[in-house]
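Here the structure comes first, spelled out in structure tokens, and everything after it is commentary.
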Amino acid sequence: MKLTFWLLDVNYEVVREVPEVRMWGLTPEGKRVVIIDRSFKPYFYVVPKEGTDIGKLIVEVGKLVPKPLRVEAVEKKYFGEPLKVLRVTCKIPAHVPKLREEVAKLKYVKDVLEADIRFYMRYLIDNQIYPCAWHEVTCEPLTNRNKWKVDGVFLASSPPKLIESKNDIPELKVMAFDIECYNPKGTPKPARDPVILIATLNSEGEEKVFIAEGRNDRKLLRNFVEYINAYDPDVIVGYNSNSFDWPYLIERAKKLGVDLSISRTGSPPAQSVYGHYSIVGRANVDLYDFAEDIAEVKVKTLENVAEYLGVKRKEERVTIRGSEIYKYWDDPSKREELIRYVLDDVESTFGLAEKILPFAYQLARVVGLPLDQVGAASVGFRVEWRLMREAYIYNELVPNRVERPYSPYRGAIVLEPEPGIHENVAVMDFSSMYPNIMIKMNISPDTYVPPGEEVEDGEVYVAPEVGHKFRKKPDGFYRKVLSKLLKLRQEIRMAMKNVDPRSPEYRVLNERQKALKVIANATYGYCGWVGARWYKREVAEATTAWGRKIIKETINIARSLGLKIIYGDTDSIFVKHEPEKIREFCKTISDKIDLPIKPDKIYVRVFFTEAKKRYCGLLPDGRIDVVGLEAVRGDWSELAKEVQEEIIKIILKERSPEKAVDYVRKVIKELREGKIPLEKLVIWKTLTKDFEEYEVKAAHVIAARKLIKAGYQLEIGDKIGFIITKGPGGKLADKAEPYILVNDYSKVDVEYYVEKQVVPAALRILSYFGVREGQLISEGKQTSLTDFFR
DNA sequence: GCCTTGAAGTTACCG
DNA sequence: ACCGGTAACTTCAAGGCG
């Protein structure tokens, strides 16, 4: 029989000494199915040393233990060069690492390749099967003898085939969940503190709260497990669930002896690659992984992200300080509020899922990693999995991951801006500049010609400044991969024009083209990453070198046409908007440079200081862009950011520095009168390393120490919110207090906020207009007095 | 011992 | 566990002065 299914999850298990790949999915009719393939065997490649007698080596490898099923010579390519290698097939996946080690010991073996690719990924790659995509498979039904939570179990008679044309997303059962823990001693510890509440919300709109009995959460856990199995979700979403909820629940369940069997085979969640938790047959997605990519949100709490995405406004939800949750639990009159709180969280999480999952599906589809892994994998690994898919298609061997020393190289050019206000400025930029350079110049590890190698001048492209050479023919790996990604993206964008923008299909296509763009744009960074399998410094170095040459030429062309250049960064130039000259400019660029350039935006008015990478501009529709300035940085107080943003508005829209000065003075007055909410004084900074590794006493590190003392558990990557208080004086760092421990305005060092936050943020813009610090701080006498006595 | 200065450390941004 | 270029802050130690 034939079966059509959408691939949700994949795993494997060895049954009666036969590895079986299990593909969990949905049919168009909404049946949950698992398709089993028992015909696939794990394998890896062996590269023999030059001049080796292949036949002898085959015999030798065949005698090793664990004994391989098969050893055969195959023709592959390695960095574009044909290479005869041995393909060693094993009985079960566990034999691969063992045999690999034995093989590596052999005298005539140069290298062992592709021995570190997980078995089920090997299967997906070799059969070009993609997560979150539809496939057709010829199979036979089996009896569901293990009582798996599916409507049908099937044995594949041949591997599934991707159906490229079917792009709809089946109706998935999504369940969001969130847990709250008892925390009288700071960060809750599963060995000590019970889970007091679990809230769930599913696609049917069903909302549940599981409530502990006093400090006893055994029944709560059991009911939660029972509920998951009863509802039987396809996708389980949480916020920070891979770092908090799952490990907490697992340890708690272990301690209480509660069976956490929630997978479709009846197994508990298990930690797996990239630190995510895998639930067999379902996709466990941590939405925090995707929230991390939202640059506009600086402190990525669930509340902040939900507000930004228009899911739930902060005013419409209950706010409880995380550290006080236990108080709401202990006080019966406050429990209802805590329940409302956990419901707000689960509703926000579900809302986030509606915004984020459609992109996650397409990212999984493009990258080829299972849905539950693709978010947890870093950008580098996402690119790499796409490359590994391509390598298979081109019969290329996948290079091993090797440790290399960091090796720096020059990057892009940033122009010195023309400070001041400019009217009517067009921003021209090269679209996908680096990918297009790599394609055009055929830059790739496999086309690279090392310095010693003889080659005709006409056969290679030579990178400016650095002199790296790349063969013009044949197409390099990166050229093939990137052209495909960009072409596919263009095709999708064309197709979108014929689709109703409100339709689900449009959304699918749009998310797909975004995923393609993300991967294409990350490929240059990937090739210069020392951890990359396809790393080659010369590839990255040549790409930026050509980028510099191109932007320089572009500047010259613009100048020669009489266009005034105001600024430029990497792949863009800002020029005075003169439509006639710009048309001419675009024509010349396409003639002489032959890379796509387009007007990105036109500013009605744009303002630059002397600094690079920091400016603000007014768009024709009245919106304002702020780039690089304090107002868009996460490590300035909300107050300083707000002041700067308001000044920018006044300057760009009303062109009145005087009004801006009055405004700043008003704010400073309010600040000194204690009328600014404490929350607006919080400064957030990330802990980027362990405490011992810090060489200087930075404010956020001192504040973090104080948090730990108060019982909080902190990790690398946590954002520390602190307020500068009057404290003992001396160093700033000693005056930094964790904001959750500050409740009293009288402790705030108001003058710090005046002098080191509001004034600098304001002057960043206003000093260009001749405004001085003294004009903002009117009570000069007081300041000088305190200065005198200090 | 105090003050100035510049290097170093640190973070977050831009493209 | 994608890159280099950049601004801006604070800390810290060296150097100058007396």
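For the reader, a short list of remarks on this structure follows.
- Residues being under 18 Å from residue A:600 (Cβ atoms), part of a strand (DSSP E or B) and more than 9 Å from DNA strand C (Cβ to nearest atom) - total across the stretch A:401-444: 9
- Cβ-Cβ distances below 7 Å connect the following pairs, each with a first residue in the stretch A:673-695 that is within 12 Å of DNA strand C (Cβ to nearest atom), a second residue that is of a type in the set (Val, Ile, Thr) and open to solvent by 80 Å² or more (accessible area, probe 1.4 Å), and a separation of six or more residues or different chains: A:688/A:716.
- Residues of the stretch A:351-380 satisfying the condition of being out of contact with any Asp or Glu (no Cβ under 7 Å at 6 or more places or on another chain), of a type in the set (A, V, I, L, M, F, W, C) and open to solvent by 20 Å² or more (accessible area, probe 1.4 Å): A:379
- Qualifying positions in the stretch A:610-641 - β-branched (Val, Ile, Thr) and within 12 Å of DNA strand C (Cβ to nearest atom): A:627
- Verdict on residue A:638 being open to solvent by 30 Å² or more (accessible area, probe 1.4 Å) and over 26 Å from the mean Cα position of the chain (by Cα): no
- Residue check, residue A:620 at pLDDT 95 or above, surrounded by fewer than 18 Cβ atoms within 10 Å (Cβ to Cβ) and more than 13 Å from DNA strand B (Cβ to nearest atom): yes
- Being part of a helix (DSSP H, G or I) and surrounded by 18 or more Cβ atoms within 10 Å (Cβ to Cβ) is a property that residue A:509 has.
- Residue A:514 vs. criteria surrounded by fewer than 16 Cβ atoms within 10 Å (Cβ to Cβ) and either more than 24 Å from the chain's Cα centre (by Cα) or part of a helix (DSSP H, G or I) (or both): no
- Residues being among the β-branched types (Val, Ile, Thr), within 11 Å of DNA strand C (Cβ to nearest atom) and closer than 21 Å to residue A:672 by Cα - total across the stretch A:710-741: 1
- Filtered residues of the stretch A:552-571 (kept if within 13 Å of DNA strand B (Cβ to nearest atom) and open to solvent by less than 10 Å² (accessible area, probe 1.4 Å)): A:554, A:566, A:567, A:568
- Checklist (1) within 27 Å of the chain's Cα centre (by Cα); (2) of a type in the set (A, V, I, L, M); (3) more than 30 Å from residue A:707 (Cα to Cα); (4) assigned to a helix (DSSP H, G or I) applied to residue A:631, failing item: (3)
- Those residues of the stretch A:221-241 which are in a helix (DSSP H, G or I) and open to solvent by less than 10 Å² (accessible area, probe 1.4 Å), in sequence order: A:221, A:224, A:228
- Taking the stretch A:386-411 as the range and being open to solvent by 50 Å² or more (accessible area, probe 1.4 Å) and within 16 Å of DNA strand B (Cβ to nearest atom) as the test, the residues that pass are A:406, A:408, A:409, A:410.
Every residue, every condition in (1) within 22 Å of residue A:322 (Cβ to Cβ); (2) basic (Lys, Arg); (3) within 12 Å of DNA strand B (Cβ to nearest atom); (4) in a strand (DSSP E or B), yes or no:
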position: A:641; (1), (2), (3), (4): no, yes, yes, no
position: A:648; (1), (2), (3), (4): no, no, no, no
position: A:660; (1), (2), (3), (4): no, no, no, no
position: A:665; (1), (2), (3), (4): no, yes, no, no
position: A:680; (1), (2), (3), (4): yes, yes, no, no
position: A:684; (1), (2), (3), (4): yes, no, yes, yes
position: A:700; (1), (2), (3), (4): yes, no, yes, no
position: A:727; (1), (2), (3), (4): no, no, no, no
position: A:733; (1), (2), (3), (4): no, no, yes, no
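- Of the helices (runs of 4 or more DSSP H) lying entirely inside the stretch A:30-146, those containing at least 3 residues that are open to solvent by less than 70 Å² (accessible area, probe 1.4 Å) and out of contact with any strand residue (DSSP E or B) (no Cβ under 6 Å at 6 or more places or on another chain) span A:95-105, A:119-126.
- You will find that of A:169, A:179, the residue that is assigned to a loop (DSSP other than H, G, I, E, B), among the β-branched types (Val, Ile, Thr) and modelled with pLDDT of 95 or more is A:169 and no other.
- All positions within the stretch A:591-604 that are out of contact with any Gly (no Cβ under 7 Å at 6 or more places or on another chain) and either open to solvent by less than 20 Å² (accessible area, probe 1.4 Å) or away from DNA strand B (no atom under 11 Å from the Cβ) (or both): A:591, A:592, A:593, A:594, A:595, A:596, A:597, A:598, A:599, A:602, A:604
- Screening the candidates A:212, A:199, A:191 for the property of being crowded, with 18+ Cβ neighbours inside 10 Å, in contact with a helix residue (DSSP H, G or I) (Cβ under 8 Å, 6 or more places away or on another chain) and either more than 22 Å from residue A:288 (Cα to Cα) or modelled with pLDDT under 95 (or both) yields one hit, A:212.
- Meets criteria (hydroxyl-bearing (Ser, Thr, Tyr), open to solvent by less than 40 Å² (accessible area, probe 1.4 Å), modelled with pLDDT under 95 and farther than 30 Å from residue A:129 by Cα) for residue A:348: no
- Among the conditions (1) in contact with a Leu (Cβ under 8 Å, 6 or more places away or on another chain); (2) open to solvent by less than 30 Å² (accessible area, probe 1.4 Å), residue A:383 misses just one, which is (1).
- Scope the stretch A:150-188; condition polar (S, T, N, Q), touching a strand residue (DSSP E or B) at 6+ places or on another chain (Cβ under 8 Å) and under 30 Å from residue A:741 (Cβ atoms); matching residues: none
- Qualifying residue in the stretch A:671-692 (condition: open to solvent by 30 Å² or more (accessible area, probe 1.4 Å), within 29 Å of the chain's Cα centre (by Cα) and hydrophobic (A, V, I, L, M, F, W, C)): yes
The values are calculated or read from the model by the stated rules, or taken from the named source; none is laboratory data. Nothing here was measured: the structure is a model prediction, and the numbers come from that model. For neighbour counting, all protein chains shown are included, and Cβ atoms are generated from backbone atoms with ideal geometry for every residue, glycine included. All accessible areas refer to the heavy atoms of the entire protein, side chains included, with ligands and DNA or RNA removed. Shrake-Rupley method; radii C 1.70, N 1.55, O 1.52, S 1.80 Å.
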